[in-house]
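Since the structure comes first, as structure tokens, the remarks are kept for the end.
The values are calculated or read from the model by the stated rules, or taken from the named source; none is laboratory data. These figures come from a predicted structure and were not determined experimentally. Every residue, glycine as well, gets a Cβ built from its backbone with ideal geometry; the counts of neighbours run over all protein chains shown. Just the protein is used for accessible areas: all its heavy atoms, side chains included, with ligands, DNA and RNA removed. Shrake-Rupley method; radii C 1.70, N 1.55, O 1.52, S 1.80 Å.
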Amino acid sequence: MSIEINDVEKSFGRFKALKNITLNIGSGELVALLGPSGCGKTTLLRIIAGLEAPDSGSILFYGEDATNRHVRERQVGFVFQHYALFRHMTVFENIAFGLRVRPRGQRPSESEIRRKVHDLLNLVQLDWLADRYPGQLSGGQRQRIALARALAVEPKVLLLDEPFGALDAKVRKDLRRWLRRLHDELHVTSVFVTHDQEEALEVADRVVVLNEGRVEQIGTPDEVYDHPETPFVYHFLGDVNLFHGRVHDGHARIGETQVDLTGGSDHPESAIFYVRPHEIEILRDGGGTGTIAAKIRDIRPLGATVRIELERIDDRGSVEVELTRDQFGRKGLSEGDKVYLQPKRLRTFDGNTKRETTLEAVNR
Amino acid sequence: MGALLAMLKKHGVLPGFSITLGFTLTYLSLIVLVPLSATVLKSATLGWDGFWTVITAPRVLASYKLTFGAALAGACINAVFGLLVAWVLVRYDFFGKKLVDAFVDLPFALPTAVAGIALATLYSSKGWIGQIFTPLGIKIAYTPLGVILALTFIGLPFVVRTVQPILEDFETELEEAAASLGANRWQTFQKVILPTLLPALLTGFALAFARAVGEYGSVIFVAGNIPMVSEITPLLIITKLEQYDYAGATALAVSMLIVSFGLLLAINGLQRWSQLRRA
Amino acid sequence: MSSIALPSSISRTRTASRTNREPALVRWLLTALALAFLFGFLFLPLTVVFTQALGKGWAAYGAALIEPNALSAMWLTVLAAAIAVPLNLVFGIAAAWAIAKFEFPGKSLLMTLIDLPFSVSPVVSGLIYVLLFGLQGWLGPWLQEHDIKLIFAVPGIVLATIFVTFPFVARELVPLMQAQGTEEEEAAIVLGASGWQAFWRVTLPNVKWGLLYGVILCNARAMGEFGAVSVVSGHIRGMTNTIPLHVEILYNEYNSAAAFAVASVLALLALVTLAAKSILEWRIKQQTVDRS
């Protein structure tokens, strides 16, 4: 089932939670709503579910206007942030709930319910927990039971509010891979809310980045990561170094340094250049043009990568560079060393259009 | 369908707001608000001068003195012993503690008339406790002391039950910190524990006081009810009522209502303060 | 995130570390003082009720209880409670639903007003109905014209009982339902339940112990109320006397043994209430622990 969100607005008192949100979600897609807390992502999810009503705008399910449809009739499955499992019911009864509250005529028989619940328990690989109460489960187990409960009513759309928010780092990683695989199996149109960019990039087919009630960018994980359309998206999807400088005749001037560029010419005079930590090369020697001299202040190995903090010689500004273990090992860097930084790519945004321009540094 | 959307916009997907709130307000008005307002209106028929004369008559003033004085004394006794009981129940272990803990609520559960006749019997000159005091020349039952006794009894659970949860949540690290900084036990209690408990203690005190001011059942059996000496204000209301002095009874009732509301506001304020402190 | 639920019995005692311990003598003295206070103020009065009740033997005790006026007082007490408690139960649930599940202006004022009857003197609680429905009251003349007697009759007793027990259930339920939020009900509705189904299958099971707790306290007060009922009753023996009023009459006639015999019934009710209360408190605590 496809979902169309047209020009939706929502305020709480004087606070504008959502401003002109327009969004299309294709049938069978897995979409992440990504943004910092308070950006309106949960409100948008609740509006799609029918738990909140928009002030204006419309929601179309499969081309049909569903704005006025009660949440009961929308055929959505909703997984709440804290799972909202009924704690006085066993896991079995929790999953069976949606079937048991159907009007008498449409209610499946007891044996049918039993079969269905066990199928779902098998699907989430927790068949052995049927008689437990939610209070006796771990966070990850609760999460999967909440999902099974939502799936029991055969929803056309699955909505998940911060599905991994309350879990340990390790469980969180396992569960999101599992969710991705489950989605590939079931192909239910799914939307989930998260504030964790890694989670959004890893799990979703498409990512919707929200900020202060507006859509900043919609795209595949690669698109939003590699081609952020706004400075906000750039900042939000990972670490970034900022260089203040000027653009001028195919050159970027950053402090004393001049970087030759390909592409992009008619830019404003002064500019802010955005460079991700892994897009900077560290050279042991080789001053001259195109490199920025800096001193290594701190080296922190972080698992598979090594993060190096440097201080620019010219204006003492700080720069972060990320190297793989391999690269780091080959270079043999240590704290206090003087080195040269060479940005592989610089990006800058035009203030008015917020369009990104990528400038490739000329490799010499 | 538009109506549904409007409802959803205002109150979310849960139904039943209008009907439950409507019922709540209707029932509240019929049972509580209308009768109370009618009483206040009735007292207005007396005129300000009449009202003032009634509520400042010497016998009435004597009853105020006794009612508020005894309620204050009872609440003070309860503040001290309530704190002690709460402390012992939370901090120490002894045989039968759970039973004692449950027993603290007896004054909530025991009808006041039963408490009244039991206290009167116990503290009369021939009673188990009264006869200990008789040789010392102290009479408890049928004197103002009896009133204090009854009011202490009915207010007993309030301080215990407001202080107890705070003491249970109290972080023992704070005490350990104080000890590590060189404070002795008494200093720690005075400077660290007591200030934390203070809002709850005051709330419990105020609740006990408010309850005691209006109390009737337990007091009349043990007070002796001698005008000007051991006659409480609620009893005076009944006396006026029995003499068909409705206006006088109403005036007294309204003066007590005003005090009750004042206390209610004070208690609300105290509880808010208490919660702020806890958060 | 713990994988197993917390053990259900959380010790109420803070097992204090060595630094937080008072010397044994101080501990012993404080405990002794507290217990002595409770012994004198709670245990002895209760004991007196039973020893006095049985002072003239079991036969006299039994006779005092099955005497017709005593039986009629018991019947009236049960009747008043049987009307007041269910009404206040329905009110409590409605009020808690509106207050705990929705946002609206004036909510804290409403909660204060609901608590109001607790701070009104019992005597005043009775008086307000006399002033409204009594012969001298606002509606008195009209009621007399239509030959309706509320005051010094059973309806007045029921009204006064409703007033004094008004807040019990609501007070218990509101904080409980507020703490539970609305997520579970929303989940039920997303899964297709009607509002009614969400209430019966999700809300009510979650607050059942708290609800029962409120009902027990409400009932204890309803059966034991003295002051308010005394004002509206008229004290007509065998007609408008409740158990507490009957105790008063017997006591004032110096029929102490009979008075205490009847009082012992109320004292037993109080003990049952305390026991039920303790069990329910434990249950509620467990339910709250399960949630976290």
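C:Gly62 versus (1) open to solvent by 60 Å² or more (accessible area, probe 1.4 Å); (2) over 26 Å from B:Val34 (Cβ atoms); (3) more than 8 Å from chain B (Cβ to nearest Cβ): which is the lone unmet condition? With respect to (1) open to solvent by 60 Å² or more (accessible area, probe 1.4 Å); (2) over 26 Å from B:Val34 (Cβ atoms); (3) more than 8 Å from chain B (Cβ to nearest Cβ), C:Gly62 is out only on (1).
If you take the residues in region B:226-258 that are farther than 16 Å from B:Arg211 by Cα and β-branched (Val, Ile, Thr), which one is farthest from the other protein chains (Cβ to nearest Cβ)?
In the first step, residues of region B:226-258 are kept if they are farther than 16 Å from B:Arg211 by Cα; the result is B:226-231, B:236-252, B:254.
Subset that is β-branched (Val, Ile, Thr): B:226, B:229, B:237-239, B:250, B:254.
Working: B:Ile226: 16, B:Val229: 19, B:Ile237: 5, B:Ile238: 6, B:Thr239: 11, B:Thr250: 6, B:Val254: 9 Å.
So the residue we want is B:Val229.
In this structure, is C:Ala193 in a loop (DSSP other than H, G, I, E, B), within 11 Å of another protein chain (Cβ to nearest Cβ) and open to solvent by less than 10 Å² (accessible area, probe 1.4 Å)?
Numbers: in a loop (DSSP other than H, G, I, E, B): yes; within 11 Å of another protein chain (Cβ to nearest Cβ): yes; open to solvent by less than 10 Å² (accessible area, probe 1.4 Å): yes.
Here the answer is yes, as C:Ala193 does meet what is asked.
The criterion of at least 2 residues that are more than 9 Å from chain C (Cβ to nearest Cβ) and open to solvent by 60 Å² or more (accessible area, probe 1.4 Å) is met by the following helices (runs of 4 or more DSSP H) wholly inside region B:65-174: B:130-133, B:144-169.
Hey, can you tell me all the residues within region C:197-224 that are among the hydrophobic types (A, V, I, L, M, F, W, C) and more than 8 Å from chain B (Cβ to nearest Cβ)? Spell out the reasoning first.
The first filter runs over region C:197-224 and keeps only residues among the hydrophobic types (A, V, I, L, M, F, W, C), leaving C:198-200, C:202, C:204, C:207, C:209, C:211-212, C:215-218, C:220, C:222-223.
C:Trp200, C:Val202, C:Leu204, C:Val207, C:Trp209, C:Leu211, C:Leu212, C:Val215, C:Ile216, C:Cys218, C:Ala222 - these are the residues of region C:197-224 that are among the hydrophobic types (A, V, I, L, M, F, W, C) and more than 8 Å from chain B (Cβ to nearest Cβ).
Kindly state which helices (runs of 4 or more DSSP H) lie completely within region B:188-279 and contain at least 3 residues that are without any contact (Cβ under 8 Å) to a residue 60 or more places away in the chain. Those helices (runs of 4 or more DSSP H) span B:194-214, B:233-242, B:246-278. If you go through region B:179-216 and keep only what is open to solvent by less than 10 Å² (accessible area, probe 1.4 Å), within 9 Å of another protein chain (Cβ to nearest Cβ) and at pLDDT below 90, you end up with just B:Thr188. Within region A:117-147, the set of residues being open to solvent by less than 40 Å² (accessible area, probe 1.4 Å), free of Cβ contacts under 8 Å to residues at least 40 places away in the same chain, in contact with a helix residue (DSSP H, G or I) (Cβ under 7 Å, 6 or more places away or on another chain) and not aliphatic (A, V, I, L, M) comprises A:Gly139, A:Gly140, A:Gln141.
Annotation for region C:226-235: no member residue is within 17 Å of the chain's Cα centre (by Cα) and within 30 Å of A:Phe86 (Cβ to Cβ).
Among the residues of region A:98-115, are any open to solvent by less than 10 Å² (accessible area, probe 1.4 Å) and small (Gly, Ala, Ser)? Checked region A:98-115: at least one residue is open to solvent by less than 10 Å² (accessible area, probe 1.4 Å) and small (Gly, Ala, Ser). In this structure, does C:Ala5 turn out to be modelled with pLDDT under 90 and either assigned to a helix (DSSP H, G or I) or in contact with a helix residue (DSSP H, G or I) (Cβ under 8 Å, 6 or more places away or on another chain) (or both)? When the stated conditions are applied, C:Ala5 passes them.
Kindly indicate whether any position in region C:223-240 is of a type in the set (Phe, Trp, Tyr) and in a helix (DSSP H, G or I). No, there is no match, as no residue in region C:223-240 is of a type in the set (Phe, Trp, Tyr) and in a helix (DSSP H, G or I).
When B:Ile31 is tested against (1) within 14 Å of chain C (Cβ to nearest Cβ); (2) surrounded by 19 or more Cβ atoms within 10 Å (Cβ to Cβ); (3) over 20 Å from C:Val174 (Cα atoms); (4) aliphatic (A, V, I, L, M), just one condition goes unmet, and that condition is (3). When C:Glu172 is evaluated against the numbered criteria (1) more than 11 Å from chain B (Cβ to nearest Cβ); (2) assigned to a helix (DSSP H, G or I); (3) more than 25 Å from the chain's Cα centre (by Cα), which criterion, by number, is the only one it fails? Status for C:Glu172: all satisfied but (3). When region A:13-72 is filtered for residues that are within 14 Å of chain B (Cβ to nearest Cβ), in a strand (DSSP E or B) and either open to solvent by 50 Å² or more (accessible area, probe 1.4 Å) or under 20 Å from A:Glu212 (Cβ atoms) (or both), the ones remaining, listed by number, are A:Ala17, A:Leu18, A:Ser56, A:Gly57, A:Glu64, A:Asp65. None of A:Asp350, A:Asp315 is at pLDDT below 85 and touching a Pro at 6+ places or on another chain (Cβ under 9 Å) except A:Asp350.
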